[in-house]
1. Please list, ordered by first then second residue, the pairs with beta carbon atoms under 8 Å, 6 or more apart or interchain, first in region 153-174 and touching a residue at least 40 places away in the same chain (Cβ under 8 Å), second among the basic types (Lys, Arg) and in a helix (DSSP H, G or I).
2. Are any residues in region 225-237 open to solvent by 90 Å² or more (accessible area, probe 1.4 Å), under 30 Å from Glu48 (Cβ atoms) and not in a helix (DSSP H, G or I), and if so, which ones?
3. Against the definition (in contact (Cβ under 8 Å) with a residue 12 or more places away in the chain and touching a strand residue (DSSP E or B) at 6+ places or on another chain (Cβ under 7 Å)), how does Phe148 come out, yes or no?
4. Keeping to region 157-168, report how many residues are aliphatic (A, V, I, L, M), assigned to a helix (DSSP H, G or I) and open to solvent by less than 50 Å² (accessible area, probe 1.4 Å).
5. Anything in region 121-141 that is among the hydroxyl-bearing types (Ser, Thr, Tyr) and open to solvent by less than 30 Å² (accessible area, probe 1.4 Å)? List them, or say none.
6. Whether any residue in region 122-136 is more than 14 Å from the chain's Cα centre (by Cα) and not small (Gly, Ala, Ser) is what I want to check.
7. I'd like the residue in region 169-224 that is open to solvent by 70 Å² or more (accessible area, probe 1.4 Å) and in a loop (DSSP other than H, G, I, E, B) and, out of all such residues, is nearest to His124 (Cα to Cα).
Amino acid sequence: MTTEQGDGRDLGRSLKLLWGDRIRPPRGRPPTLSLGRIVAAAVEVADELGETEGLEALSMRHIATRLGVGTMTLYRYVPGKSELLDLMLDHVIDVPEPEQDERLGWREILTADAHHLWRLCMDHPWYPFVDQSRPLLGPNAMRGLDRFLGRLRPTGVDDRTLLMLISVQNDYVEGVARRYVNERRAEHRTGVSNEEFWAAQAPTLEDALRSGDFPVMADLAANTFDFSYEQLFEFGLNRLHDGFASVFDTRGG
């Protein structure tokens with residue numbers, strides 16, 4: 001399940017908050033909060049919920065409790081959860097300075113970015129569940145995309161194709177991350193480990209295999225299902241880049 005992010009928010013207010021219109025409350029006592037503190041607290045709470053209930057359980061009340069203030073105090077800084085989520089997404093991106101090495105080819109550049117996104121999804125397990133089909137680009141997102149495209153442009157691939165390649169890679173990384181996090185959530189929710197889950201099915205599946213109705217499955221190698229999500233991620237990423245080679249290599253990148 002993904003969290004919708006788009007039609008319900010105040011786009012104008014989100015953009016102003018993302019790009020520097022962080023207005024102090026105009027009346028009353030001097031504020032004890034800042035928008036930055038609120039966003040950081042929201043990320044902390046979302047990270048904790050991300051391993052169990054998911055982002056759907058995040059509320060303004062949760063964040064206010066973490067900060068030790070009343071819930072209504074938060075609304076003096078941000079209109080609501082949807083706009084706050086825009087700020088959270090840009091906050092966690094935190095784009096690192098790229099390694100300045102002209103010898104790096106497109107595979108190394110794309111691989112480094114994929115690993116960065118994977119770590120982001122593992123550190124913030126709510127991140128891959130946000131529907132970003134209509135994203136708002138904040139300063140961190142723009143900075144990251146600007147650097148990334150700048151490093152790939154020397155390959156000679158046109159900008160439109162580069163952006164499509166980046167989108168395909170991001171969708172792949174976040175897709176595998178969602179599946180991995182969902183498995184961890186299931187373990188926490190049910191108290192049943194992944195090993196116990198499959199062990200419970202073993203007697204039934206073994207009877208089915210002995211029936212002769214599934215000859216290929218019965219003949220599978222013993223280690224067929226013996227791989228981790230990290231191994232699955234690396235395998236798929238390499239195959240994805242093998243496909244990308246047909247684009248880059250024809251342009252001499």
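The values are calculated or read from the model by the stated rules, or taken from the named source; none is laboratory data. Nothing here was measured: the structure is a model prediction, and the numbers come from that model. Glycine gets a Cβ as well: all are built from the backbone with ideal geometry, and neighbour counts include every protein chain shown. Side chains are part of the model used for accessible areas, which takes the heavy atoms of the whole protein and leaves out ligands, DNA and RNA. Shrake-Rupley method; radii C 1.70, N 1.55, O 1.52, S 1.80 Å.
1. Final answer for the pair search is Thr155/Arg251; Gly156/Arg251; Val157/Arg251.
2. Correct list: Phe227 only.
3. no
4. 3
5. Tyr127
6. Yes.
7. Restricting to residues being open to solvent by 70 Å² or more (accessible area, probe 1.4 Å) and in a loop (DSSP other than H, G, I, E, B), the top hit is Asn223.
Quick grid of which residues meet (1) under 24 Å from the mean Cα position of the chain (by Cα); (2) at pLDDT below 95:
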site: Asp171; (1), (2): yes, no
site: Arg178; (1), (2): yes, no
site: Arg184; (1), (2): yes, yes
site: Glu187; (1), (2): yes, yes
site: Asn194; (1), (2): yes, yes
site: Thr204; (1), (2): no, no
